[in-house]
Structure formats: C-alpha cells, structure tokens
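Enquirer: Take a look at the following structure, please.
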C-alpha cells in the first residue's frame, strides 16, 4: 500500500505543470473582475490555440489589435492584477487658488454679516484688509463652509433649482458633418512670472477652424465677448456650443447664446 502511494506521488510530480490552469485558479483566488478575467483568456488563447498568432486571437475575440497588444504588454504572470483596468483620472488636478488666510478672513466677515452678498463682502474685504479679492473666492468659501442664514432652506432651494435646470448632454445631439454645426469651447490658465492670463479657445469639431483669445479675467462677460467674436468669425453659421459648464459659461454667456440663437451642450 505504501509502495503504491509512493509511485502515485511520483507520477503526479512527473505530470507537466499547466501554467494556464494555474492562472485561472489565481484569477479566482484574487477575485479578478469580469473584464480582467476576459483579458486573461485572450492571453491564454494567444499562447495555446492561436500558437502566438495575434491576428488570429483578435479575430476570434473580435477585438482591435491595439487593444490586445496593450494588455499583452501589460500582462505579468506573477501579478495578474496587471490586467485590471486603471483609473484615467488625472494625477495632478488644478487646486483652488485661495489661501488659508483669505478663507479665514472671508469666514469671519461672513459670520458678522450673514445676509450680505458676495459683492458687498468684496467691498468690505478691500476696506478692512486693503487687498482686492475676487467674488468667486467669497462664493467658494460660503459654499464650502455652508455659511447661510438658513442652511436647510438654502439646500431645498438649491435642489429645486437643480431639478428645474434642463441641461442638454452632448450624447443627445445628432451630429451633422458641416462647418459651424458644433463648436467646442474651453478655457485655460497661463502663468508667466507674476502675470496670470486666461485663454479662451474654440474649435470647430468638423470644419477644424480654431480660434483663441487671451483675457485678463475669466468671467461670463469675457466668455460672452469671445462667443460674439467666434460667431462673427464664422459669419453667423454657429449652431451649437459644447463646453464643460464652467463658471465662465453662465450668466452673460447664456444670455449671449440666447441672443445669437445658439444651443448649449
């Protein structure tokens, strides 16, 4: 009996090691996502049935060659988690350009004058501290610390306004292939030493006409001026505007869009 067990163990050790079966076991133990497990099957098929023929593997799974090579090159058999999708969010995001000193001053002024608006607080800030401050910094601080006379009522009003707003998503637009149908707008900040400038850009998504203009501030009035110039440049053939719903694309910009008959997405 002992002799039979010995030879059975020897026979088991002599069997070839199936690394692909081991990969599948590891995938279950690691609880890989469905997408990562599918990518593992691409690699296994590529090494077995496809005989390392990438074209055959791509045709079998119906995937682009670029996608296959991306995951094949990323694959590490010692770490199957390399097949998991990675976040595409930027690692370094733009931070709010407001100092702690400015925040504390605004909080103090707001608590003393809870019913005052940001423009009045802006004037008071200049009078007390002898420094100018933008109204959006005051608004940002008020929202951040919820400095409202009646926070509950304010939250209800904000939710009501949000429900009443009907924002058009770009996915709702059926694109047409002619110049001026859809113009993509955006804004960027440019620092040159102590100078700070804002560049508004516009690109025709079909006609590939590009326009940019530099401004000293990023307000809705600035965006409205830029929109009018782009409208003139295209000789009035400007139907839809695409933007990221930034603060500059509100108020006067919205009024300019209504006046010019431009839909926003």
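Bear in mind these aren't lab numbers, they're just calculated from the coordinates by the rules spelled out. All of these numbers come straight from a predicted model, not from anything done at the bench. Cβ placement follows ideal geometry from the backbone for every residue including glycine, while neighbour counts extend to all protein chains displayed.
Enquirer: To the nearest 10 degrees, how steep is helix 19-30 against the longest Cα principal axis of the chain, on a 0 to 90 scale?
Expert: 40
Enquirer: What Rg and what Dmax come out for region 149-265 when only alpha-carbon atoms are used, in angstroms?
Expert: My reading of the Cα-based Rg and Dmax gives 16.2, 51 Å.
Enquirer: For a quick check: sort 112, 186 by the number of other beta carbons within 10 angstrom, fewest at the front.
Expert: 112, 186
Enquirer: With angles folded into 0 to 90 degrees, how steeply does helix 220-233 sit against the dominant principal axis of the chain? Use alpha carbons for both and round to 10.
Expert: Tilt of helix 220-233: around 80 degrees.
Enquirer: Another question, then. For a footprinting-style exposure proxy, rank 215, 232, 129 by other Cβ within 10 Å, fewest first.
Expert: With the fewest neighbours first, 215, 232, 129 line up as 232, 129, 215.
Enquirer: Given the alpha-carbon gyration tensor of region 100-149, what are the semi-axes of its equivalent ellipsoid in whole angstrom, ordered largest first, with each equal to the square root of 5 times an eigenvalue?
Expert: With the √(5λ) rule applied to region 100-149, the semi-axes are 15, 11, 10 Å.
Enquirer: Using only alpha-carbon positions, what ratio does the radius of gyration of region 196-245 give when scaled by 2.2 N^0.38 Å?
Expert: Output field value: 1.13.
Enquirer: Put one equal scatterer on each alpha carbon of region 13-136, apply the Debye formula with no solvent term, and list log10 I(q)/I(0) at q = 0.16, 0.19, 0.20, 0.21 1/Å to two decimals.
Expert: Scattering profile of region 13-136, log10 relative to I(0): -0.83, -1.06, -1.11, -1.16.
Enquirer: Sort 76, 204, 225 so that the residue with the fewest other Cβ atoms within 10 Å of its own Cβ comes first and the one with the most comes last.
Expert: With the fewest neighbours first, 76, 204, 225 line up as 76, 225, 204.
Enquirer: What value in Å³ per residue do you get for the convex hull of the alpha-carbon atoms in region 18-83?
Expert: For region 18-83, the hull spanned by Cα atoms encloses 76 Å³ per residue.
Enquirer: So what's the convex hull volume per residue for the Cα atoms of the chain, in Å³?
Expert: Hull volume normalised by residue count: 283 Å³.
Enquirer: In degrees from 0 to 90, rounded to the nearest 10, what is the angle of the helix 2-14 Cα long axis to the longest principal axis of the chain?
Expert: For 2-14 against the chain, the angle is about 50 degrees.
Enquirer: With each run of n ≥ 4 DSSP H residues scored as -39500 (n - 2.57), what mean residue ellipticity at 222 nm is computed for the chain after dividing by its residue count and rounding to the nearest 500 deg cm²/dmol?
Expert: Helix contribution divided over all residues of the chain: -15000 deg cm²/dmol.
Enquirer: Please report, in whole Å³, the volume per residue of the convex hull around the C-alpha atoms of region 79-185. Mind showing how you got there, number by number?
Expert: Numbers: hull volume 27.0 nm³, N = 107.
Here the figure is 252 Å³ per residue.
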